[in-house]
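The values are calculated or read from the model by the stated rules, or taken from the named source; none is laboratory data. None of these values were measured; they are calculated from a predicted model. Cβ coordinates were reconstructed from backbone atoms using ideal geometry, including for glycine residues, and neighbour counts include every protein chain displayed. Keep in mind that these areas ignore ligands, DNA and RNA; they rest on the heavy atoms of the full protein, side chains included. Shrake-Rupley method; radii C 1.70, N 1.55, O 1.52, S 1.80 Å.
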Amino acid sequence: MVLLRRLLDIEDSESIDEKPLSNGSFKGSLPHGKGKYIWSDGTVYEGDWEEWEEGKITGKGQILWSSGAIYEGDFSGGYLHGIGTFTGLDGSEYRGAWRMNIQHGLGMKRYSNLDIYEGSWKEGMNEGCGRYSWNSGNMYIGNWKGGKMCGRGVMKWENGDVFDGFWLNGLRHGSGVYRFSDGGYYFGMWSMGLKDGKGTFHPAGTKHPSLRKWGSSIGCDGIGRNLLSHSSSINSEEVRVPKPNFLGSLSGKMSISKILKDPVRLSQRNALLDEKWSLCNPSGEFIYREPSCTLSQTSEEGQSGVQNNSTVVYEREYLQGVLKNEKVRGTELSRKTKQRKKFHVKEAKRKSCVDIFEGQRSYYLMLNLQLGIRYTVGKITPVPMREVRDSDFGDRARIRMYFPRKGSQFTPPHYSIDFYWKDYCPMVFRNLREMFKLDAADYMMSICGDDGLRELSSSGKSGSIFYLSHDDRFVIKTLKKFELKTLLQMLPNYYIHVGKYENTLITKFFGVHRITLRGGRKVRFVVMGNMFCTELRIHRRFDLKGSTQGRYTDEDKVGENTTLKDLDLEYEFLMDKLLRKSLFKQLSLDCSFLESQQIIDYSLLLGLHFRAPEQLRSILEPPATMLNDAGLPADGINSQGHLSTPPKGLLLVTHEPGFVSTAPGPHIRGNTLKAYSLGEREVDLLLPGTGRLRVQLGVNMPAQASHKLTRDEVDSAEIELFEVYDVVLYMGVIDILQEYNVKKKVEHACKSLKFDPLSISAVEPKLYAKRFLNFLHKVFPEQP
């Protein structure tokens with residue numbers, strides 16, 4: 001784009017040496033009304049002037065630069081501001097909204113190479129919803145950010161292939177469905193343009209899942225963010241978000257090209273643009289209504305009439321574009337399975353706090369959380385920093401406030417329901433947030449910002465409600481009354497422990513709160529750090545307790561985000577000698593602390609990011625889109641005609657603080673670990689093509705995962721292509737609020753751990769910690 005040089009105002013008379021104003025009128029000494037102005041470099045403006053704007057160009061007019069560029073449209077205070085058309089030297093043309101000399105609002109641009117973008121602009125960049133059509137015939141409709149495809153969108157290639165799913169920085173990233181021109185479908189996950197994770201391939205002619213159901217099940221919020229592809233420490237099978245009011249499709253309800261022909265309509269629409277344009281719903285409109293870019297319901301129904309008898313479906317798992325394993329299965333259910341499903345009776349659920357907030361009430365709870373946290377952080381932050389006292393942990397260390405819907409002297413009006421708010425030990429948690437190096441403003445914006453929270457329904461036995469902050473940094477979980485009591489009792493010692501050991505793997509707590517609704521119903525919840533907050537995809541999640549009784553997951557219930565259990569773990573992990581030593585040193589300290597607090601039933605939450613084996617990197621498929629010289633998406637083959645190369649494996653390098661990300665988050669606190677293989681120096685983890693990461697305890701830890709093959713696996717139809725993988729580990733100790741009590745809780749603990757209730761010693765804190773650590777020594781064996 002040709003840069004616009006700022007217009008000179010009439011008072012800059014020293015630069016004028018010829019024809020300063022012709023055919024114009026003045027009001028006093030300032031230009032007013034219509035007139036023509038010529039600068040010494042040949043630039044000419046003809047149009048309106050306003051005396052009340054100190055003689056600056058304001059109104060409608062045309063400016064012709066000496067370079068040949070032309071703008072015709074609205075001006076304000078000497079700036080291109082309003083609706084106008086700009087024609088550049090290269091022949092490109094932009095028609096639409098401007099703000100302070102920058103494209104901002106609704107507009108259409110025709111590039112010099114005949115590419116066309118029509119949609120939303122922000123600060124001169126494509127941002128919001130829009131359509132980009134390449135001169136090659138490719139087209140993308142969906143969300144943009146910073147000039148790149150980002151969020152939910154549909155891409156149609158000239159050859160007939162279509163991808164509908166999520167994007168990041170111009171590349172497929174998250175869940176999506178790819179329809180091949182021959183009629184085949186692939187439903188799966190992508191990471192930076194490459195297939196990464198589990199998916200299913202349906203060859204042409206086979207029956208595939210309903211696209212409409214798929215579009216509504218992947219969890220798309222108002223700006224097209226993928227709610228299921230983000231790594232989360234929660235076993236999230238479903239995400240529920242409030243449905244916004246959608247603006248509608250670009251082609252049907254709001255044609256930009258038509259609006260641009262009517263400046264009045266455009267100026268009216270532009271006032272509402274910032275609020276409504278970002279709410280367009282590509283999943284609901286583009287995929288089903290857009291005639292030129294569609295995975296339409298009509299074609300889906302029509303396909304069923306031409307399907308052949310083939311029922312073969314391929315269940316696949318990829319690592320950065322490389323096929324890891326594949327299993328062939330049929331799509332038709334057996335007669336027995338059908339009978340089982342026909343007579344299946346749903347089990348009755350135990351009533352929990354989830355039942356209180358069914359439907360819209362859960363949305364109100366989310367708003368209440370944000371209102372309360374914003375109030376608490378705003379109230380406690382200005383208080384001068386000081387050391388905590390015994391009274392800060394006491395029963396009187398509370399902040400209480402009533403939030404009526406209409407607002408009060410101390411609280412703002414809101415759209416939720418009336419509620420009472422209680423914040424526990426505010427000074428303690430304020431100091432904990434400082435200790436964990438969290439900025440108060442960042443913390444508040446992460447949880448209480450405009451993007452809001454995302455609700456995840458847990459299939460765990462607790463029945464808790466979970467929320468995830470929009471940037472994945474924080475998890476909010478509802479607590480039972482006894483869990484809250486346990487946390488408050490252990491809080492003084494917890495504060496000392498995490499202060500003494502900055503590498504602790506125990507869950508980081510940032511706040512504990514309670515909401516009381518009218519009628520007396522109470523909901524307690526805690527804000528925690530999300531240990532899986534990372535730019536890498538977490539391919540496997542495990543909840544490890546060191547028990548074998550009932551610690552497995554039914555195969556039918558295993559999904560992309562399922563948290564697996566002890567007996568599901570098929571790997572041993574070999575680590576650098578010093579990294580392993582640091583890990584078990586801290587685990588022993590953390591277990592000793594939990595033992596001193598009489599805590600049992602805790603787990604090690606382990607996340608695995610697999611890297612594709614080196615020997616098959618050459619067969620990697622190309623990404624769907626890359627960036628061309630103009631910074632815009634192009635085909636997956638580069639300008640030399642070669643397929644894009646995949647990222648390399650893991651590499652430990654000497655730590656350099658200036659080369660690693662220091663973005664604020666739950667992992668910012670903690671030492672950089674030393675590796676034996678690099679002479680006991682602090683190290684970073686280098687992932688070529690991905691990034692450079694600081695190695696910390698429980699964060700970005702490299703290892704080699706050895707898959708333990710069994711005879712059954714070898715003889716089965718599933719083909720395991722590799723036995724050893726490079727992995728990046730993320731881990732932390734969770735579920736630390738189960739207190740051991742001989743009189744009241746032995747039976748409950750035995751039942752949850754599948755122990756014989758007579759074997760009381762099996763759940764004693766000391767023996768639980770010993771068994772827990774012994775099991776982890778087998779998972780992370782010492783290298784010979």
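Express in nm, to one decimal, how much length is gained between Lys327 and Ser66 on full extension, taking 0.36 nm for each residue of separation and deducting their alpha carbon distance.
Value of the extension gain: 87.3 nm.
Determine how large the accessible area of Glu680 is when every protein chain is in place; take a 1.4 Å probe and give Å² rounded to the nearest 10.
Probe radius 1.4 Å; accessible area of Glu680 about 100 Å².
Considering lysine pairs in region 118-208 that are 8 or more places apart or on different chains, how many have Cα atoms under 25 Å apart?
12
Based on the alpha-carbon gyration tensor of region 123-172 and its eigenvalue square roots a ≥ b ≥ c, which shape applies: rounded if a/c is under 1.5, prolate if not and a/b is larger than b/c, or oblate?
Judged from the Cα gyration tensor, region 123-172 comes out oblate (a/c at least 1.5, b/c at or above a/b).
Once you place label points 7 Å from the Cα toward the Cβ at Met435 and Asn774, how far apart are they in nm?
Spacing of the two 7 Å Cα→Cβ label points: 3.2 nm.
May I ask you to order 168-174, 417-423 by the average number of other C-beta atoms within 10 Å around their residues, highest value first?
So the order, starting with the most tightly packed, is 168-174, 417-423.
Return the FRET efficiency for the residue pair Asp442, Glu387: r is the Cβ-Cβ distance, R0 is 25 Å, and the value is rounded to the nearest 0.05.
Computed FRET efficiency for Asp442 and Glu387 comes out at 0.60.
Extending each Cα 7 Å along its Cβ direction at Phe180 and Asp90, get the distance between those two points in nm, one decimal.
If labels sit at Phe180 and Asp90, their model points lie 3.7 nm apart.
Taking R0 as 45 Å, what's the FRET efficiency between Ser596 and Glu158 from their Cβ-Cβ distance, rounded to 0.05?
Efficiency for this residue pair is about 0.10.
For Lys485 and Ser706, FRET efficiency with R0 = 30 Å and r from the beta-carbon atoms, rounded to 0.05?
0.10
Counting only protein heavy atoms, what percent of the accessible surface of region 359-530 is carbon or sulfur at a 1.4 Å probe?
The C+S portion of the solvent-accessible surface of region 359-530 is 51 percent.
In Å and on Cα atoms, what radius of gyration and Dmax does region 359-530 show?
Computed over the Cα atoms of region 359-530, radius of gyration and Dmax are 15.5, 46 Å.
At what distance in nm do the modelled label points of Asp556 and Asp41 sit from each other, each positioned 7 Å from its Cα along Cα→Cβ?
A separation of 7.4 nm, rounded to one decimal place.
Residue farthest toward the positive end of the dipole of region 359-530, with Cβ of Lys/Arg at +1 and Asp/Glu at -1: which of Leu517, Ile496, Ile380?
So the residue furthest toward the plus end is Leu517.
In Å², what does the accessible area per residue of region 359-530 work out to with a 1.4 Å probe?
44
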